[in-house]
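Data block below; observations after.
Rule-based calculations on the coordinates, nothing more; no lab input. Treat the numbers as computed from the prediction; the structure is a model and nothing was measured. Here the Cβ positions follow ideal geometry from the backbone for every residue, glycine too, while neighbour counts run over all protein chains shown.
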2 protein chains.
Amino acid sequence: MARSKQYNEEEVIEKAMGLFWRNGYGNTSVRMLEKEMGINQFSIYSSFGSKNGVFLECIKSYKKKIHRITEILEKSNNGVIGIKQYFYDFLEFSKDDNGKKGCLVTNTVNELGEHGDPIIMTELKSFFNEIKTLFANNLKQDKNKAQESIDKQANYLAASMLGLSLASKILRREQLEDFIETAFNNL
Amino acid sequence: MARSKQYNEEEVIEKAMGLFWRNGYGNTSVRMLEKEMGINQFSIYSSFGSKNGVFLECIKSYKKKIHRITEILEKSNNGVIGIKQYFYDFLEFSKDDNGKKGCLVTNTVNELGEHGDPIIMTELKSFFNEIKTLFANNLKQDKNKAQESIDKQANYLAASMLGLSLASKILRREQLEDFIETAFNNL
DNA sequence: CACATTTCTAAGCATTTGCTTAGAAATAAA
DNA sequence: TTTATTTCTAAGCAAATGCTTAGAAATGTG
C-alpha cells in the first residue's frame, strides 16, 4: 500500500550510538547524526521524534550491547573473582580504535548531571543500580562476608567502575591494570 | 591617560569558573558568561580573547583554589592517612548547594576527551600528574612499602580520585564514605 | 496499470552560537 | 580644560543549532 523504509531502525541507532559514545550528547549535532546514520533529518525525526529521542534509543541499545558482558557477570559464581573479570571485560568492551570511549552511561551522567532529560536520567540510574545489584549478588557468593560489608563493598565497586570508565579515557592500559589489581586487593 | 577597567579580572574569572564547573564547557554559552561575570562580550573578548581563553583562565584559577587542600596533602607526613584525608577534603571542596559539581578538571577531561584544545588538555594532564606525584610522595612516607608497589598504588589512588569525583555527582554522602573507607582498606 | 499512502529530498524556519564593530562614555595626563 | 586613549554599550555578523515542511519519488494493493 505504500513505500517501505529504506533503513533499519536498529541499525541506524547502532551507528548513532557510536557517535554519541565518542562525542557526548552536546557535541553531537543532528547534521552529524544524518551523516553517520546515513539517513536524512526527516527520517530521523519521523522515526525518533527528536534528538533526545534518538539518544534515548541509543542508551537502550547500549544496554543491550553491554549485556554481552553483564550476562557473564550475572551467570558467574566465582564471587569477587567474577566481578574482577567484569572490570577487565569492560576494558575490552569499551575499547575504541584509540581506546578512549569510556562507558556511554557514565559519560552521560557526567555530562548532563542533574540537568539532563528526566527520562534519560532515570534510564541511566537504573543501569547503575543494576550493575550494583549484580556486584552485591556476586559478593554474596563469598560465604564469609557479612551483609553489612556486602553493601559497603557493592558501593565501593560501583564507584570504582565509574572511576575505571573515566580513567580508561586518559590512562594507559598498564595503569588501568594497576588500578584493577589494587582495587581488588581490598576485598 | 585613559579610562580604567571597571572590573577585576580575577574576580570575574572566579565567577565564570563556577559556571563552567556546574555546566561544563559546551553547555556554557558566552551569553551565560556575560550574565554571570557581570561584564559584556566586548570586555570578555578584550580581556580573554575567546571563550576558550576564559576557560583556560578558569582552569588556572581552579588550580589555585584547590591548592587550599592539595597544600595540606603536600605538607602532610602521615603517609596513606594523609591521602585518605585528601579524599575527604575533596568532598568538602567540591560540595555545591546540591553537592553535585565533581572536579572541574575531571569533568573537563571526561567532556572533551582527546578532542579538547591541546593547551587546555596539557593543563589538565599536568594537574592530574601533580596529584599523582603527591600521592606517591606520601606513600613513600610509609617505610614498609616497596618502590614498585608505590607506583601501582599511586596509579590506583589517582584513578580512584577520578572515580570519587564522578561518584560525588550521583551518589549520596554515605555511599561516598563507603567508597573511601573501602578504598583505603589495604594500603 | 492505477492510485493511495508512505518515504525521501532538499530547502527553509527561528533561535542560538562564538565573535566583531561602530560609536558613545569615561578618564588619566598635559 | 583639553585631548589622547581606553573601556563600555549595544547592535550586528555569519555559521550552526534543533526542527519543519512542501513536493517529488517510490511501492504494495486493488
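Mind listing whichever residues of the range B:108-126 are within 22 Å of B:Thr70 (Cβ to Cβ) and not polar (S, T, N, Q)?
Applying the first criterion (within 22 Å of B:Thr70 (Cβ to Cβ)) to the range B:108-126 yields B:108-110, B:119-126.
Of everything in the range B:108-126, those that are within 22 Å of B:Thr70 (Cβ to Cβ) and not polar (S, T, N, Q) turn out to be B:Val109, B:Ile119, B:Ile120, B:Met121, B:Glu123, B:Leu124, B:Lys125.
Within the range A:14-54, track down each residue that is within 16 Å of DNA strand C (Cβ to nearest atom) and basic (Lys, Arg). Of everything in the range A:14-54, those that are within 16 Å of DNA strand C (Cβ to nearest atom) and basic (Lys, Arg) turn out to be A:Lys15, A:Arg31, A:Lys35, A:Lys51.
Any residue that is within 16 Å of DNA strand C (Cβ to nearest atom) and of a type in the set (Val, Ile, Thr) - is there at least one of those in the range B:62-76? Lay out the reasoning, then the answer.
First, the residues of the range B:62-76 that are within 16 Å of DNA strand C (Cβ to nearest atom): none.
No, there is no match, as no residue in the range B:62-76 is within 16 Å of DNA strand C (Cβ to nearest atom) and of a type in the set (Val, Ile, Thr).
Of the residues B:Lys60, B:Lys100, the single one that is charged (D, E, K, R), touching a Lys or Arg at 6+ places or on another chain (Cβ under 9 Å) and in contact (Cβ under 8 Å) with a residue 60 or more places away in the chain is B:Lys100. Evaluating B:Glu57 against the criteria (1) within 16 Å of DNA strand C (Cβ to nearest atom); (2) more than 16 Å from the chain's Cα centre (by Cα); (3) at negative phi leaves one unmet condition, (2).
Scanning the range B:151-172 for residues that are of a type outside the set (Asp, Glu), more than 19 Å from the chain's Cα centre (by Cα) and more than 7 Å from chain A (Cβ to nearest Cβ) yields a single hit, B:Arg172.
When the range B:7-44 is filtered for residues that are among the hydroxyl-bearing types (Ser, Thr, Tyr) and either in contact (Cβ under 8 Å) with a residue 24 or more places away in the chain or part of a helix (DSSP H, G or I) (or both), the ones remaining, listed by number, are B:Tyr7, B:Tyr25, B:Ser43.
Quick check on my filter: what residues within the range A:117-150 are charged (D, E, K, R) and over 18 Å from the mean Cα position of the chain (by Cα)?
Here is the first cut: in the range A:117-150, the ones charged (D, E, K, R) are A:117, A:123, A:125, A:130, A:132, A:140, A:142-143, A:145, A:148.
Those that are charged (D, E, K, R) and over 18 Å from the mean Cα position of the chain (by Cα): A:Lys140, A:Asp142, A:Lys143, A:Lys145, A:Glu148.
The criterion of being away from chain B (no Cβ under 14 Å) and away from DNA strand D (no atom under 16 Å from the Cβ) holds for A:Phe93. Scanning the range B:5-63 for residues that are within 13 Å of DNA strand D (Cβ to nearest atom), among the polar types (S, T, N, Q) and within 14 Å of chain A (Cβ to nearest Cβ), which turns out nearest to B:Asn110 (Cα to Cα)? Residue satisfying both the conditions and the ranking: B:Asn27.
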